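A short worksheet on the structure shown next.
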Amino acid sequence: MKTTSTFALLALAIGFSSCSDDKDETAVAPALQATTVNNLAAGVTTANGGGGQPTSATKYTFFSFANNAQVATADSNTTKWDVGFRGTTIIINGGNSGPGQGGALVQSGLFADIATAPETGFKVDAASGKAITTGSGMGWYNYDGATNIVTPIAGKVILVRTATGKYAKVEIVSYYQNAPATPTATSVSRYYSFRYVYQPDGSRNLK
Amino acid sequence: MAFARFFCISSLSGLALPALAQQPTDTLRRQQLGEVVVTATRTERSISEVPIPVTVVGVKQIKAMGAVRLNDVLGEQTGLSIVADHGRGVQMQGLNPEYTLILVDGEPLIGRTAGTLELSRVAVGNIQRVEIVKGPASAMWGSEALAGVVNIITQKPQDGTSGTLRLRYGSNRTADVSASVNTQGERLGLTAFVNRYSSAGYTLRPESGTASVPPFANYTAQSRLTYKLGERTRLSVSGRYFTESQASTYPVAAGTGTASVRYESRQQDYSFNPVLTHGTANGRLFATARFYLAGYRTRENYTYAADGAPYDNTYFNQTFLRPEVQLDWRLGSKHTLTGGAGYINEGVEATRYDAVQHMQSYYGFVQDDWTPLPGLNIVAGARYDGHNQYPGQLSPKASARYQVRPWLAVRGSAGRGYRAPDFRQLYLNFSNPVVGYSVFGTQEVRARLAALAAAGQLVPDPATGLPLINNALLDRASSLRPESSVAYNAGLQLDPTDKLSLTASYFRNTLRDLIETTPLAQKTNGQSVFTYYNVSQAYTQGVEAEAGYQLRPGLRLSGGYQFLLAKDQAVEARLATGDVYRRDPTTLITERVKAADYGGLFNRSKHSGNVKLFYESPAKGLTASLRGIYRGRYGFQDLNGNAILDTDAEYVRGYTLWNVAASKTWQQRYTLQVGVDNALGYTDPAYISTLPGRLLYASVELRLSKK
């Protein structure tokens with residue numbers, strides 16, 4: 001069901017990293033790579049809550065950036081996962097959603113341009129709202145009430161503090177199975193495709 | 001939901017000819033020269049002299065192209081586009097249908113859905129002429145006349161007694177049957193018109209499981225009674241009734257599959273309009289008292305096709321009541337003063353409104369029509385509308401026309417237009433049962449938020465425990481203002497020879513306080529509560545040009561063109577700061593959008609135009625016409641995640657429709673007409689549901705009269 005692929009983050013990133021004179025050092029500290037995740041199913045069940053949303057009984061789909069892998073529902077109360085998806089709602093492993101140190105903020109800009117995670121502005125999930133605000137036009141997507149299509153807003157990058165306090169940047173590119181160029185009413189929703197860069201060394205550097 | 005009826009456009013150009021054009025060369029042209037219009041100044045004025053450009057489409061043109069509904073007539077006029085959004089409305093100077101006021105004999109047609117007044121509700125069989133005024137006319141006509149006014153002038157009783165019977169049949173089993181009678185005696189005059197219009201509809205995309213236009217049938221009855229109470233006192237009473245039924249089935253999502261839902265709708269409108277006029281013996285004073293009562297009702301019933309179980313039910317009832325008085329006073333030879341006042345009471349009751357809602361407004365207007373010098377005419381006026389739900393509106397307008405040379409006239413005008421918030425924006429109480437969001441009108445939102453908060457359905461602020469409501473937005477919603485515009489128009493009218501006429505004008509409308517929805521609180525189900533507020537600014541500007549040339553007696557060639565730019569100023573500002581992005585739908589790579597890529601507001605063609613050839617031979621009883629109507633490409637929907645128009649894939653292809661018609665009349669009594677609309681059969685099933693392809697039709701008409 002899920003396929004993942006990895007590629008070097010554009011020629012741009014490679015270009016910057018190759019500024020070093022020392023070839024050995026280049027080998028030791030390679031540029032961060034962007035990982036693309038396709039068709040991560042988020043609350044796809046036979047029960048249809050309508051409007052592109054799952055029913056409230058549907059479980060979140062958990063994902064770990066460090067392992068580039070889905071995490072079992074049974075591990076929901078651990079720091080094994082960083083983000084969870086259900087319909088258009090995205091939670092982070094922190095606040096009232098999980099036991100981790102997670103947090104998030106949504107920033108405008110180009111995914112490739114964002115070099116560091118900001119010092120401030122990270123929010124955590126709370127009763128008053130998710131760190132990644134839900135609702136059309138509020139967070140990462142627009143919902144068209146006429147066509148019932150959910151479109152990730154171009155130029156919205158989610159900066160995530162993971163369950164273990166590391167940083168990542170995420171750009172969601174499609175909400176539909178196999179990322180059709182023009183989703184229609186018959187496209188199957190709740191399949192996330194996104195790209196992310198994860199910084200394992202604990203620094204805020206994301207490039 | 002579904003579009004009712006057809007889109008078969010056709011008509012003849014109604015080029016405004018100047019006063020000083022020489023000998024008319026055919027009857028069509030003669031008719032235009034003597035044309036009297038009322039919409040520009042609310043008084044009868046010769047079309048060639050009014051400072052405000054008016055397009056007139058007369059009965060002859062309407063008949064010559066076999067038009068049956070109002071959208072047929074408007075769709076062929078330069079600068080107008082028929083656009084579909086909950087019905088087919090008219091886009092004027094790049095502004096949506098909700099900004100054009102539609103009048104019948106000076107009284108507004110009511111019953112708009114999402115701002116669009118379905119033009120096909122108006123049969124044209126009893127129309128004497130259609131007057132089109134572009135540019136804001138709120139100074140005379142009040143709300144909605146922001147882009148302009150379309151005034152449908154119905155037939156008045158003519159001397160003698162006559163009757164007509166007309167049958168027309170065409171593609172898609174479309175039948176139009178109408179009958180009219182007219183009589184005028186010493187004191188009493190009467191016209192009556194009845195029409196039945198029906199079609200089997202058509203399906204452009206069978207795979208969608210639903211018809212593009214489902215079968216429908218409608219009936220119109222209209223009548224006017226006139227009575228001469230005295231030498232200079234007249235009473236006119238007119239009434240109208242319209243009803244339409246339509247039914248279809250369409251699929252809805254149910255569990256993992258779909259279920260078929262049957263949809264049945266019925267809409268009706270009616271009006272009653274007595275008008276009393278009196279002129280003084282010296283002809284200096286003319287008084288008009290009018291009363292207008294109108295209603296519009298819809299019923300929509302949805303049931304599961306399988307077992308007849310109810311799926312949804314909606315209704316909408318609107319009433320409009322307006323008494324009005326007007327006084328025209330000729331002051332010396334240079335001034336005509338016009339003043340008037342009125343009161344409006346509107347009511348609505350509907351599925352999505354809590355109770356019967358009433359809005360009251362009153363208004364007064366003044367105007368001076370001044371001719372300081374021969375050849376120079378200045379019209380200046382203003383209107384004030386007071387309202388019980390939003391701030392009062394003052395709408396001034398001034399316009400002037402100067403005949404510089406016998407072959408050259410210049411015109412200019414500046415004015416303000418406005419559009420009042422509609423019922424939906426004030427009173428809506430809607431919660432989507434499927435997705436769970438709520439939308440409340442600005443008069444409702446405070447009470448509804450309080451109710452949701454009391455029910456614990458709003459997300460609380462963790463610090464205070466109180467519901468998290470954006471109070472700044474709530475205050476803005478509570479002080480909702482009408483949308484308004486400031487507009488300019490400047491133009492030339494050229495008549496280099498008696499065969500050639502040219503007009504060109506520049507227009508600009510700057511719109512403020514456009515009303516949009518905004519979320520202002522979060523529900524515990526993760527969805528938002530929305531209301532309306534004034535936020536955006538936009539402009540439309542462009543150039544419109546028309547030319548007419550008399551090739552031979554009876555043969556006239558004309559053309560029209562509009563260049564249009566329409567942009568959202570907030571988007572322009574964001575583009576300037578580099579804050580707009582787009583994601584290629586195929587590669588999924590995101591990039592910054594350059595300002596030059598912004599194509600403006602959706603659904604507007606930068607280029608549009610028409611070419612028309614019209615032939616008429618009264619001696620032989622022949623008419624014929626060929627009309628080509630071009631609509632350039634226009635934005636359809638966002639495909640790359642930025643909600644603006646910026647890539648080629650987001651446009652609908654431009655197209656040209658060719659319409660032909662010919663008629664032959666025998667003994668001035670029998671007329672046979674045949675025609676083809678959209679002769680090349682252009683369709684675009686994916687994007688244009690209102691273009692059914694080639695439509696053939698034939699009609700016969702019988703006229704009986706005695707003097």
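Details
- Residues listed by number, the stretch B:541-577, amide nitrogen under 13 Å from B:L494 label point at 7 Å toward C-beta: B:545-548
- Here the stretch A:40-199 is assigned +1 on the Cβ of each Lys and Arg and -1 on the Cβ of each Asp and Glu. Its dipole about the Cα centre then comes out at about 160 debye.
- Anisotropy class of the stretch A:79-140 from Cα gyration tensor, a/c 1.5 cut: oblate
- Note on B:Q668 and B:N313: with the Förster distance fixed at 45 Å, the Cβ-Cβ geometry gives a FRET efficiency of about 0.30.
- Taking a ≥ b ≥ c as the square roots of the eigenvalues of the Cα gyration tensor, an a/c ratio of 1.5 or more together with a/b no larger than b/c marks the stretch B:428-486 as oblate.
- Rounded to the nearest whole Hz, the Karplus-based 3J(HN,Hα) values (6.51 cos²θ - 1.76 cosθ + 1.60, θ = phi - 60°) of the stretch B:172-179 follow the sequence 6, 6, 8, 10, 10, 10, 9, 9, with x at glycine and proline.
- Only the Cβ atoms of Lys and Arg (+1) and of Asp and Glu (-1) were treated as charged; on that basis the dipole of chain B about its Cα centre amounts to roughly 2160 debye.
- Taking amide hydrogens as placed 1.01 Å from N in the peptide plane, the amide H of B:Y292 sits under 5 Å from those of B:R322, each at least 5 positions away in sequence or on another chain.
- Amide H to amide H distances under 5 Å link B:R232 with no residue, where only residues 5 or more positions off or on other chains count and H is placed in the peptide plane.
- Sequence-distant residues sharing a close amide H with B:G201 (under 5 Å, placed H): B:F216
- For the stretch A:40-199, alpha-carbon Rg and Dmax in angstrom: 14.8, 42
- Chain B: antiparallel DSSP beta bridges as a percent of all, rounded to 5: 100
- Entries in A:K156/B:K606; A:K166/A:K207; B:K60/B:K664; B:K523/B:K567; A:K130/A:K207; B:K134/B:K397 that, when Cα-Cα distance is taken, lie over 23 Å: A:K156/B:K606; B:K523/B:K567; A:K130/A:K207
- Relative contact order for chain B, counting Cα pairs under 8 Å that sit 6 or more residues apart, in percent: 11
- Phi-derived couplings, Karplus 6.51 cos²θ - 1.76 cosθ + 1.60 at θ = phi - 60°, listed residue by residue for the stretch B:281-294: 4, 7, x, 8, 10, 9, 10, 10, 10, 10, 9, 9, 10, 9 Hz, with x used for Gly and Pro.
- When the helices of the protein assembly as shown are scored as -39500 (n - 2.57) per DSSP H run of n ≥ 4 and the total is divided over every residue, the value at 222 nm lands at -2000 deg cm²/dmol.
- The largest-to-smallest principal axis extents of the Cα set in chain B are 82, 56, 52 Å.
- HN-Hα J in Hz across the stretch B:89-95 - Karplus 6.51, -1.76, 1.60, θ = phi - 60°, x for Gly and Pro: x, 10, 9, 10, 6, x, 9
- Longest exposed-site-free window of chain B, the sites being GluC sites (Glu not before Pro) in a DSSP loop that have at most 10 other C-beta atoms within 10 Å: B:232-707
- Global form of the stretch B:85-180, assessed from the alpha-carbon gyration tensor, a/c cut-off 1.5: oblate
Since every read-out is calculated from the coordinates, none of them should be taken as a lab result. In this text, all values refer to a predicted model and were calculated from it rather than measured experimentally. Every residue, glycine among them, receives a Cβ derived from its backbone with ideal geometry; neighbour counts consider all protein chains shown.
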